[in-house]
Amino acid sequence: MTRESIQKGEVLLAVDQVSLSFGGVKAITDVSFDIRKGEIRAIIGPNGAGKTSMLNVINGFYHPQQGKITFKGQTRSKMRPSVAAAQGIARTFQNVALFKGMSTLDNIMSGRTLKMHSNFFWQCLRHGPAMDEEIRHREFVEDIIDFLEIQAIRKVPVGKLPYGLQKRVELGRALAMEPDLLLLDEPMAGMNLEEKEDMSRFIIDVNTQYGTTIALIEHDMGVVMDLSDRVVVLEYGRKLADGTPDEVKADQNVIDAYLGVAH
Amino acid sequence: MDILFKVLIDPFLQMGAMPDLFVQTIWDGFVTGVLYALIALGFVLIFKASGVFNFAQGIMVVFAGLTLVGLYEMGLPAPLALLVTLGVMFVLALAIERVVLRPLVNQPDIILFMATFGITYFLIGLGELIFGGNPKQMITDQLFLPRGAIEVKMLGGFVQFQKIDIAAAVIAVVMIVALAVFFQKTRIGRALRAVADSHKAALSVGISLNQIWVIVWFTAGIVALVTGIMWGARSDVSFGLQVIALKALPVLILGGFTSVPGAIVGGLIIGIGEKLGEFYWGPLVGGGIESWLAYCIALGFLLFRPQGLFGDKIIERI
């Protein structure tokens with residue numbers, strides 16, 4: 001694997017002139033940017049700017065008509081979601097996509113799917129290598145549960161949890177994949193101030209403690225500017241600006257896009 | 001008044017008068033119910049994982065049974081024939097995923113439902129082509145399934161238990177428990193439940209939908225094989241058997257399309273209800289109510305509890 005070959009600060013993922021359309025609707029037009037290893041990269045923009053489409057392209061849900069994506073040195077134009085996951089891209093969703101009938105523990109364990117290799121036979125018997133494996137992964141998952149402070153809801157079916165906690169479980173499932181690149185789609189949408197502060201803390205801790213590279217979409221500008229190392233701004237599927245939070249804040253195009261201009 | 005007496009009171013007097021017959025009827029119903037439950041289980045497995053109502057489950061039962069007997073007649077020893085049949089069911093699952101499901105992914109459910117009709121007629125044709133259209137005798141002895149009956153003296157009479165029925169009940173229970181453990185406790189089981197809950201989220205953690213579908217259809221194939229053996233042992237293995245798939249419908253309506261326990265309880269209610277109805281109330285209308293009573297029970301359920309006893313209540317945001 002090329003896992004260790006990319007050093008902190010080098011380009012982990014590069015999006016090169018990607019265009020994506022659905023029939024006549026252009027979701028993304030000719031967008032290029034990169035994500036460097038170890039950074040927190042924000043993607044912002046008004047509603048319908050193509051932010052979520054961009055994440056979907058990166059983890060293989062959508063296949064762009066044009067452009068290339070280079071991840072860990074491998075260039076491709078499209079890939080299947082299971083391959084993206086296997087290569088180390090994990091994500092959360094705007095509208096929380098959890099396995100609602102399953103417990104918190106099982107949801108997070110499902111993030112270990114690709115790391116578990118014992119064969120079908122042992123699994124059916126729940127014995128031997130399968131049991132050892134289950135225990136080993138369970139320990140890893142318990143660490144995540146401790147880290148996210150959700151010990152109390154370990155056995156609760158996630159469908160019954162309040163929204164803020166569901167978002168946390170979803171983050172836990174993504175972390176269980178030990179990703180090289182973590183994509184967060186509006187991790188704080190619909191949260192109150194306290195929950196937002198908790199979530200911000202988790203994101204920073206994941207980034208500093210585990211060195212995970214994070215790309216996030218968020219509408220709360222205060223959060224974005226505080227958390228991220230670099231920000232890319234999209235509008236109507238095009239790239240409007242790219243740079244550090246301060247640069248982006250000062251960019252006239254961005255100010256116009258967010259505040260509107262008198263014509 | 002006379003008719004009311006015959007409907008409401010007389011049957012229960014009969015039950016009380018001859019309790020041994022009553023127990024016998026319950027037992028017969030129980031065994032039929034177990035077999036219904038097995039068929040319904042095949043439906044539920046596939047419906048949960050892929051949202052497809054698999055009309056072909058009935059013919060899969062026949063096809064599995066025919067393959068087993070056919071291979072034995074071609075000279076394979078019974079245990080080997082059983083293994084090869086399992087292999088055939090696996091290849092069938094692979095083929096269905098590759099040729100039918102994958103090209104139709106993201107199509108409306110009705111399209112997939114119609115595709116299972118296609119699978120049904122394809123399997124009927126293939127089965128007749130290879131094994132001929134004549135009914136076959138299930139190789140009960142060769143598979144070490146018991147024959148004969150046990151008579152138990154109880155309640156002032158004799159109650160007869162067919163050994164094959166006892167075996168069917170035991171095997172069904174073992175299989176249901178094994179499936180439950182498999183679903184709850186293993187990585188693949190967890191992946192199956194994950195796919196049933198959310199395709200999108202399952203994909204994002206690296207679960208391959210294609211692989212899961214093969215596993216689900218193969219599991220349904222194994223259930224079909226067991227059902228084929230058990231049902232075939234009570235009658236013959238013939239293409240007529242596929243209509244039992246239609247009996248699974250009321251079972252599913254009763255139990256809920258998404259619930260494994262529902263399939264079991266629904267199967268038992270329908271099985272026992274049918275036999276009791278036929279035996280005690282059937283004579284009032286000249287018999288033969290066994291063939292339609294199940295649908296009437298299901299109709300009643302549709303009116304008052306459309307999601308079934310254990311099914312998920314579907315609430316959509318508008």
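The values are calculated or read from the model by the stated rules, or taken from the named source; none is laboratory data. Computed from a predicted structure; not experimentally measured. Note that each Cβ is placed from the backbone with ideal geometry, even for glycine, and that neighbours are counted across all protein chains shown.
Computed quantities for the displayed model
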read-out: Which numbered condition B:Val177 misses (of (1) hydrophobic (A, V, I, L, M, F, W, C); (2) within 14 Å of chain A (Cβ to nearest Cβ); (3) surrounded by 13 or more Cβ atoms within 10 Å (Cβ to Cβ)); value: (3)
read-out: Selected residue (only one of A:Gly23, A:Gly73, A:Gly60, A:Gly38 is in the same structural domain as A:Ile255 (by TED's automatic domain parsing) and more than 17 Å from A:Pro179 (Cα to Cα)); value: A:Gly23
read-out: Given (1) under 24 Å from A:Asp229 (Cα atoms); (2) in contact with a Ser or Thr (Cβ under 8 Å, 6 or more places away or on another chain); (3) surrounded by fewer than 16 Cβ atoms within 10 Å (Cβ to Cβ), number of the condition A:Gln65 does not satisfy; value: (1)
read-out: Odd one out for A:Glu195 among (1) more than 18 Å from the chain's Cα centre (by Cα); (2) under 27 Å from A:Ala49 (Cβ atoms); (3) outside the structural domain of A:Asp34 (by TED's automatic domain parsing); value: (3)
read-out: Any chance B:Ile188 is of a type outside the set (Gly, Ala, Ser), in contact (Cβ under 8 Å) with a residue 40 or more places away in the chain and in a helix (DSSP H, G or I); value: no
read-out: Cross-chain or 6+ apart pairs with Cβ under 6 Å, the range B:192-212 first and under 20 Å from B:Leu94 (Cα atoms) and more than 7 Å from chain A (Cβ to nearest Cβ), then of a type in the set (D, E, K, R) and not in a helix (DSSP H, G or I); value: none
read-out: Candidates A:Ile145, A:Ile135, filtered to the one that is more than 12 Å from chain B (Cβ to nearest Cβ), assigned to a helix (DSSP H, G or I), touching a Lys or Arg at 6+ places or on another chain (Cβ under 8 Å) and more than 19 Å from A:Ala85 (Cα to Cα); value: A:Ile145
read-out: Filter pass, A:Val224 being within 30 Å of A:Phe22 (Cα to Cα) and over 16 Å from the mean Cα position of the chain (by Cα); value: no
read-out: A:Pro129 vs. criteria modelled with pLDDT under 90 and away from chain B (no Cβ under 13 Å); value: no
read-out: Any hit, the range B:225-236, residues being assigned to a loop (DSSP other than H, G, I, E, B), surrounded by 15 or more Cβ atoms within 10 Å (Cβ to Cβ) and more than 10 Å from chain A (Cβ to nearest Cβ); value: yes
read-out: Residues satisfying the stated conditions in the range A:66-107, i.e. more than 9 Å from chain B (Cβ to nearest Cβ), out of contact with any Gly (no Cβ under 8 Å at 6 or more places or on another chain) and of a type in the set (Gly, Ala, Ser); value: A:Gly67, A:Gly73, A:Gly88, A:Ser103
